[in-house]
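Asker: Attaching a single structure in structure tokens format; questions to follow.
Since every read-out is calculated from the coordinates, none of them should be taken as a lab result. For clarity, every value in this text was computed on a predicted model and none was experimentally measured. Quick reminder, even Gly has a Cβ in these numbers, built from the backbone with ideal geometry, and neighbours come from all protein chains shown.
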Amino acid sequence: MKSKTYKYTSKGTQKSFRLKEADIFVFTFLYYKRHLTTRQITQLYSAFEGRDFSEDSVFTKLNRFSKYGAILTKKIDKRDDSITRRATFSLKDRMVDYLQEIGRIPTGSSKRRYSSSISLHTLCSRETLVRTLLEVSKKTNTNKLLCELDIRSYHQKQKKTEIEDAGLLLIPDEHISYQDKNIYIEMDMCKETNATLIEKVGKYIEYAQKNNENITVVFVMYDKSMFLAEDADPPYVRMKNLLFSMREYHELLMNLPNLNIHICSLKEAGDVISDIILGIDDNQNFEQDILQPLSQRTVGDADWRYAYVEKVQTFKETIDGGLRRAYRRDKDAMQDFFFIFGNENDYRMIARLDDVVFSRREGDEGVPLVVIYPKRNKARDILLMDTYDNVLLLSLQNEGVTIDADEQIMARTANNIHPKRRKLVELY
């Protein structure tokens, strides 16, 4: 980690501070994002330093910066109807000047005064960004990438004329640029109509058709994880309705090479978006992670075999392959499965499952379809656009399955939109 320090002197109090790279990183982020809560700033320090910080210790530091350093402005909203009722911090003009002096923001950067009111929508948008940076830091074990991500808002990156010429008819809530990736984040507070969300999808499609840039849109659905609620159940029905309604643009969404749309909850946004930034799902090795270990199992009474195949009589749509479970003690007993590879949040993969299921030929119900999800370090909700019979969802992390040690391989049925209400069954 970097260890450079900066000497900053308050002109008013003549009090000097030794600022670390982590402080400068946080102040730069704060300049572009205007207001952050203590918890959000604590997560930024944790991301940059690669270790956990306590909210109390960070608040003490921020409080000192606010009182003596002409660095931060602290605001605590004590109104009874306040949505936050917590401290938020923003930069003072002198710190904006200092960031320009050391080259962290462009010379002549605006010192415009911000509105004193902060909406919950804005705080949640910032939360999505902060959680993403924290996950990127954890997954890479370095802060190097954090300094390479461009987290400025869309309108800060482009002039008004450029925005109009580009043809994007809306301003995303957050925008992350990294190498050739452009991630547009839409924070949904579950108050807009489904039709409004679909209208946004249509605008991104129009934009992708006019541009060659790689565009990833992530619809993040609000849940109470913003306030660390343990029962922060995402709005599964709303997510299902959005996924299903996106079929209005199905052919375009499946075939536009430069547009990908993901849907996730606020609870999982950091994990999902950091994977997109790092290209983790672009390089999933299902064979090495799942199929080969399955075929090499020595526990239990079953031998597993797999084969790749696209065209089968049972489905009109293409699949990825077939599995066969044979029994050592009864060579005549066996169970066959078809399988496709899935993704929990990617529209294309979710819609593909729907396409395959409904392409099953009438009367051919004997062989179950298994959807194999990537091997992950964190459990992740599997989103569906409908419920399905004779479909099993296989996620090693979600069910805590260790292929080479567990006697039973467990999966979930696809009979419920709510992940926790899906029946847990053996892949049998």
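Asker: Which far-off residues, 5 or more places away or on another chain, put their amide H under 5 Å from the one on Asp223, with H placed in the peptide plane?
Answerer: Leu266, Lys267
Asker: Another question about this same structure. At 222 nm, what value in deg cm²/dmol follows for the chain if DSSP H runs of at least 4 each add -39500 (n - 2.57) and the sum is divided by all its residues, to the nearest 500?
Answerer: About -10000 deg cm²/dmol.
Asker: Residue by residue through the stretch 134-145, which ³J(HN,Hα) values in whole Hz follow from phi under the Karplus form 6.51 cos²θ - 1.76 cosθ + 1.60 (θ = phi - 60°), with glycine and proline marked x?
Answerer: So the J values, rounded to whole Hz, are 5, 5, 4, 4, 5, 6, 9, 6, 7, 9, 4, 5.
Asker: Would you mind getting me the FRET efficiency between Asp231 and His418? Use the beta-carbon distance for r and R0 = 22 Å, nearest 0.05.
Answerer: Values: r = 13 Å, r/R0 = 0.59.
For R0 = 22 Å, the calculated efficiency reads 0.95.
Asker: For the stretch 1-108, what is the per residue volume of the convex hull drawn over the alpha-carbon atoms, in cubic angstrom? Write out the running numbers ahead of the final one.
Answerer: Details: hull volume 11.9 nm³, N = 108.
Per residue, the Cα convex hull of the stretch 1-108 comes to 110 Å³.
Asker: Suppose every Lys and Arg Cβ carries +1 and every Asp and Glu Cβ carries -1, with no other charges. What dipole size does the chain come out with about its Cα centre, to the nearest 20 debye? Walk me through the intermediate numbers first.
Answerer: On the way: 67 positive and 64 negative charges, 580 e Å.
Using Cβ point charges on Lys, Arg, Asp and Glu, the chain gives about 2780 debye.
Asker: Moving to a separate point now. Efficiency by 1/(1 + (r/R0)^6): what FRET value for Leu169 and Lys311, r their Cβ-Cβ distance, R0 = 41 Å, to the nearest 0.05? Before the final figure, lay out the partial values.
Answerer: On the way: r = 41 Å, r/R0 = 1.00.
That gives a FRET efficiency of 0.50.
Asker: Can you compute 3J(HN,Hα) from phi for each residue in the stretch 260-272, using the Karplus curve 6.51 cos²θ - 1.76 cosθ + 1.60 with θ = phi - 60°, rounded to whole Hz and x for Gly and Pro?
Answerer: Karplus-based 3J(HN,Hα) across the stretch 260-272 equals 10, 10, 10, 10, 7, 8, 4, 4, 10, 4, x, 5, 5 Hz.
Asker: Among 271-283, 135-147, what's the highest-first ranking by average C-beta atoms within 10 angstrom per residue? It would help to have the intermediate numbers written out before the result.
Answerer: Numbers: 271-283: 18.2, 135-147: 16.2.
Packing order, densest peptide first, comes out as 271-283, 135-147.
Asker: Grab the Cα-Cα distance for Gln397 and Ile280, subtract it from 0.36 nm times how many residues apart they are, and report the gain in nm with one decimal.
Answerer: Working: separation 117, 0.36 × 117 = 42.12 nm, distance 1.57 nm.
Taking 0.36 nm per residue and subtracting the Cα distance, the gain is 40.5 nm.
Asker: Any idea what the dipole of the stretch 181-263 comes to, in debye rounded to 20, about its Cα centre with Lys/Arg Cβ at +1 and Asp/Glu Cβ at -1? Display every interim value, and only then the final one.
Answerer: Values: 9 positive and 12 negative charges, 37 e Å.
For this selection, approximately 180 debye.
Asker: Could you work out the Rg to Rh ratio of the stretch 374-419, with Rh taken as the Kirkwood radius (inverse of the mean 1/r over all Cα pairs)?
Answerer: Numbers: Rg = 11.3 Å, Rh = 11.5 Å.
Result for the stretch 374-419 is an Rg/Rh of 0.98.
Asker: Something else now. What is the ratio of the Cα radius of gyration of the stretch 284-426 to 2.2 N^0.38 Å, with N the residue count, to two decimals? It would help to have the intermediate numbers written out before the result.
Answerer: Working: Rg = 14.6 Å, N = 143, 2.2 N^0.38 = 14.5 Å.
Cα Rg divided by the expected 2.2 N^0.38 Å: 1.01.
Asker: For the Cα atoms of the chain, what angle does the longest principal axis make with the long axis of helix 21-33, in degrees from 0 to 90, nearest 10?
Answerer: Compared with the principal axis, the helix lies near 80 degrees.
Asker: Asp52 to Ala326: FRET efficiency via 1/(1 + (r/R0)^6), r the Cβ-Cβ distance, R0 41 Å, to the nearest 0.05? Don't skip to the answer; put the middle values down first.
Answerer: Numbers: r = 48 Å, r/R0 = 1.18.
Once rounded, the FRET efficiency stands at 0.25.
Asker: In the stretch 284-426, if the dipole is taken from +1 on Lys/Arg beta carbons and -1 on Asp/Glu beta carbons about the Cα centre, which of Leu383, Ala351, Ser295 is farthest to the positive end?
Answerer: Farthest along the dipole direction, towards plus: Leu383.
Asker: To continue, here is another question. Which one is right for this structure if Rg/Rh (Cα atoms, Kirkwood Rh) is calculated from it: (i) 1.03; (ii) 0.98; (iii) 1.20?
Answerer: Recomputing Rg/Rh (Cα atoms, Kirkwood Rh) here picks out (i).
Asker: Angle, helix 38-49 long axis vs. longest principal axis of the chain, Cα atoms, 0 to 90°, nearest 10?
Answerer: Helix 38-49 sits at roughly 80 degrees to that axis.
Asker: Based on the inverse mean of 1/r over its pairs of different Cα atoms, what is the Kirkwood hydrodynamic radius of the stretch 236-362, in Å?
Answerer: Numbers: mean 1/r = 0.0584 Å⁻¹.
About 17.1 Å for the stretch 236-362.
Asker: Residue farthest toward the positive end of the dipole of the chain, with Cβ of Lys/Arg at +1 and Asp/Glu at -1: which of Tyr428, Met410, Phe25?
Answerer: So the residue furthest toward the plus end is Phe25.
Asker: Sticking with this structure for a sec: Specify which residue in the list Val58, Ser16, Leu44 is farthest towards the positive end of the charge dipole of the stretch 1-108, using unit charges on the beta carbon of Lys, Arg (+1) and Asp, Glu (-1), about the Cα centre.
Answerer: Ser16
Asker: Exposure proxy check: Lys210, Lys267, Lys191 ranked by fewest other beta carbons within 10 Å? Please report the intermediate quantities before stating the final value.
Answerer: Details: Lys210 11, Lys267 21, Lys191 8.
Ordered by Cβ neighbours within 10 Å, fewest first: Lys191, Lys210, Lys267.
Asker: When His121, His35 are ordered from fewest to most other Cβ atoms inside 10 Å of their Cβ, what list results? Don't skip to the end; give the middle numbers.
Answerer: On the way: His121 15, His35 21.
Placing the least packed residue first, the sequence is His121, His35.
Asker: Peptides 412-422, 3-13: what's the order by average Cβ count within 10 Å, highest mean first? Before the final figure, lay out the partial values.
Answerer: Values: 412-422: 16.5, 3-13: 12.1.
My ranking of the peptides, most packed first, is 412-422, 3-13.
Asker: If one takes the longest principal axis of the Cα atoms in the chain, at what angle in degrees, from 0 to 90 and to the nearest 10, does the Cα axis of helix 347-357 lie?
Answerer: That helix lies at roughly 20 degrees to the long axis.
Asker: Could you give the dipole magnitude of the stretch 1-108 about its Cα centre, charging the beta-carbon of Lys and Arg +1 and that of Asp and Glu -1, in debye to the nearest 20?
Answerer: On the way: 23 positive and 12 negative charges, 58 e Å.
I would put it at about 280 debye.
Asker: Please compute the modelled spin-label separation between Ser3 and Lys378, points set 7 Å along Cα→Cβ, answer in nm with one decimal.
Answerer: 3.1
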